[in-house]
Amino acid sequence: MENVSWFALSLLVGAVSMVLALALMIYVLRKNAGNEKMKQIHDAIKEGALAYLRRQNRTLAVFVLVMAIVLGAVTSFLKGTTMGFAMAIAYALGSACTTLAAYVGMRAAVEANVRVAAAAQKGLKAAFPVAYYGGAVMGLFVVGISLMGISVLFFVFKVLLGWSDPDAASVVLGFSFGASALALFAKAGGGIYTKTADISADLVGKVELGIAEDDPRNPAVIADNVGDNVGDVAGMGADLTDSYIASVVATMIIGAEIASETLTVLPLTIAAAGLLSSMLALLFVARSIKKSPGRALNLGTFLTCFIFIALLFLVTRFSGLEGNSWLGVFLPTLAGLGAGIVIGLTSDYFTSIEKKPTKTIAEASVTGTAINILMGFSYGLVSIVPPILCIAAATIASWYLARAFGIDPFYGVASAALGMLSIVGTIISADAYGPISDNAKGVAEQSGLGEEVIAVTDMLDAAGNTSKAITKGFAIGSAALTVLALFAAYTHLVDIKTLDLMSPQVIAGVFIGAMMPPLLSAMLILAVSRNSERMIEEIRRQFREIPGLAEGKAKPDYAKCVDIATAGALKELLLPGIVAIVAPALTLVVLGRESLAGFLAGSIVSGIIFALFMANSGGAWDNAKKYIEEGHLGGKGSEAHKAAVVGDTVGDPFKDTAGPSLNTMITVMSLVAEVFAPLLLLMVSR
């Protein structure tokens, strides 16, 4: 098959995905938005979410402009004006892609939540499709625009302008760098925002005052609803967009470096097959709901996998690779997909409200907050074992399977990462479903729709918590293989054959790299803590100073809490991102390219361990609280419930701020190494 045919296929599938996303958006918008009170709540959430994104984008626009100029200038000096201009444009387009994907997903979620609450009045079967299709808007749009962006850039420079594979791939690398840098800021900012509001609302509302999570008397309740959209939807969408683009680009770069035109373009077709599988599977998910939303979501994941395996066989078998060498791509990709499924199931086990770890943490709450936290912390540590073993197994398997069939083993590892992320359309859809359901429950409670409706939204929300945990596990696992692929691409670009672990420069690099994930985690959690202190004092002030607020006779000042969350998030998001970008560049300049390789290795290992631990422990703490709220162990308002709420507030910044941000941080640091290391080394050689 000719290269133009490959590009045409990836462009067509990407375009169809975006059209289907828009069709689902229209489906959601046509649903009933409920009564006047529900519409007022929806308008307040929508206004707060859009205001935050506008202010975030204005803040980051300056950073994007500066980075594009710097990247373009350095590239122009070393490789010519044309290449420099192309890199700057690609970087800006990658940033724009992430920004647009986050906006569309957040907008779809905001429009869906009130309509899910309204549909819940008719029962579970009516509400589930609205929630799932609302999430699918983001899943399909994000992957569609990412695939189209990569395909168009590579097509223009490779086919139309006739550039070599390595030069065309390096421009696409600039696109990936732009997407990742913006994703890091979006995830960090959104995570700080959402957990500031969530923690503050829970600690004052549930623990101090004994009122429900989404009680309209709580001044932080609208900020909490807004946070679900800007953090869990826009932020996580940006995170997975970044990993998806990076996995495709890393595989293309390795293919270009080993001078194989077929292997350079094949990742685009594999990604297109994965996206097509997601589109076909989602058409069945919403119709499969019976009594368990969780089972319907899992069905979508497994169905997507089965379809993808069939399409992957066809794509690799008829790719034009000689003899049986196609198996050197097919089998490693399959290994990555299998590892992703196991990692997702592990997250499900350690975080599901129906499984032993979560119930054990809930039972520990009876003896107090300390035991709840110790139990959740310990299960979080234990939960890293199966995923790490899976990642190790997938890495070894993909390496030797690729080599056995004559494919570069580094390409095999990159293919495993691509395999894990190939079904990301389905994964993002399930992830966005979570905060949509959570917000729907909040709207139902604030609107006074009654216990029967709230029970329906509770069922949706419980499945959403588990789906979010599975998504985080999947995102972390895919990030691990993606950065291994990026690491391989870096060693190809700077011509490193082996690393000497007895070298002091390499060891120093490993230690510095391993330091980065805990440092970033601390920066983000401290940011949440500082911002939460301000909001907690504001909530207490309002209950103290507004007559009749506690009795429900007066309306709280929601806007003040929204403003605290927004201002704090925007103030805190820049420093962690800048540190992640500057640290690898400084390591290269001061200690050299081998030390930077050690830096990347150290950051990968500690980053994956920290991310898995925080995501799973946070998810378990959250569902332990919900298990008690269902009426177990004394139910709402009991001492066990108060202990579980405190545990949940510890887990919130773990699972929704620091943990997911680490995926993007290690990807950004790897991309900085790939983009700037060859340029700086070329400068030194001159």
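Summary table
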quantity	calculated
Cβ pairs under 7 Å, 6+ apart, first in region 235-263 and charged (D, E, K, R) and surrounded by fewer than 24 Cβ atoms within 10 Å (Cβ to Cβ), second at pLDDT 80 or above and in a helix (DSSP H, G or I)	257/166; 261/165
Criterion violated by residue 8 - all others in (1) over 30 Å from residue 678 (Cβ atoms); (2) in contact (Cβ under 8 Å) with a residue 60 or more places away in the chain; (3) more than 22 Å from the chain's Cα centre (by Cα) satisfied	(2)
Selected residue [assigned to a helix (DSSP H, G or I), in contact (Cβ under 8 Å) with a residue 60 or more places away in the chain, within 21 Å of residue 258 (Cβ to Cβ) and within 22 Å of the chain's Cα centre (by Cα)] from 336, 340	336
Filter result for the condition that a residue is surrounded by 15 or more Cβ atoms within 10 Å (Cβ to Cβ) and under 30 Å from residue 215 (Cβ atoms), over 57, 113	113
Members of region 568-578 that are surrounded by 15 or more Cβ atoms within 10 Å (Cβ to Cβ), in a helix (DSSP H, G or I) and within 21 Å of the chain's Cα centre (by Cα)	569, 570, 572, 574, 576, 577
Pair list, Cβ < 6 Å and 6+ apart or interchain, from region 545-569 residues that are over 30 Å from residue 524 (Cβ atoms) to residues that are aromatic (Phe, Trp, Tyr) and surrounded by 15 or more Cβ atoms within 10 Å (Cβ to Cβ)	549/543; 550/543
Boolean, residue 388 is surrounded by fewer than 24 Cβ atoms within 10 Å (Cβ to Cβ), in contact (Cβ under 8 Å) with a residue 12 or more places away in the chain and out of contact with any Cys (no Cβ under 6 Å at 6 or more places or on another chain)	yes
Residue within region 151-163 that is modelled with pLDDT of 85 or more, within 19 Å of residue 245 (Cβ to Cβ), among the polar types (S, T, N, Q) and assigned to a helix (DSSP H, G or I) present	yes
Candidates 179, 201, 136 - the one that is touching a residue at least 60 places away in the same chain (Cβ under 8 Å), assigned to a helix (DSSP H, G or I) and over 30 Å from residue 453 (Cα atoms)	179
Set 316, 358, 369, 304: member being of a type in the set (Val, Ile, Thr), in contact (Cβ under 8 Å) with a residue 60 or more places away in the chain and more than 30 Å from residue 647 (Cα to Cα)	304
Some residue of region 638-649 being without any contact (Cβ under 8 Å) to a residue 40 or more places away in the chain and either surrounded by 24 or more Cβ atoms within 10 Å (Cβ to Cβ) or not in a helix (DSSP H, G or I) (or both)	yes
Residue that is surrounded by the fewest Cβ atoms within 10 Å (Cβ to Cβ) [pool: residues in region 76-98 that are at pLDDT below 85 and part of a helix (DSSP H, G or I)]	77
Matching entry among 317, 295 (being within 23 Å of residue 477 (Cα to Cα) and basic (Lys, Arg))	295
Residue ID - nearest to residue 255 (Cα to Cα), chosen from residues in region 269-318 that are modelled with pLDDT under 85 and outside any helix (DSSP H, G or I)	286
Lone qualifier among 417, 362, 402, 397 - being more than 29 Å from residue 267 (Cβ to Cβ) and touching a helix residue (DSSP H, G or I) at 6+ places or on another chain (Cβ under 9 Å)	362
Residue identified as modelled with pLDDT of 80 or more and either buried (at least 21 other Cβ atoms within 10 Å of the Cβ) or in contact with a strand residue (DSSP E or B) (Cβ under 7 Å, 6 or more places away or on another chain) (or both) among 436, 476, 496	436
Selection count, region 402-415, where residues are modelled with pLDDT of 90 or more, aliphatic (A, V, I, L, M) and in a helix (DSSP H, G or I)	2
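Residue-wise test of (1) closer than 30 Å to residue 353 by Cβ; (2) at pLDDT 85 or above; (3) over 23 Å from the mean Cα position of the chain (by Cα).
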position: 566; (1), (2), (3): no, no, no
position: 582; (1), (2), (3): no, yes, no
position: 597; (1), (2), (3): no, yes, yes
position: 607; (1), (2), (3): yes, yes, no
position: 618; (1), (2), (3): yes, yes, no
position: 632; (1), (2), (3): yes, yes, yes
position: 637; (1), (2), (3): yes, no, yes
position: 645; (1), (2), (3): yes, yes, yes
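The values are calculated or read from the model by the stated rules, or taken from the named source; none is laboratory data. Bear in mind the structure is a predicted one, so any value in this text is a computation, not a measurement. No Cβ is skipped: glycine too gets one built from the backbone with ideal geometry, and neighbour counts run over all protein chains shown.
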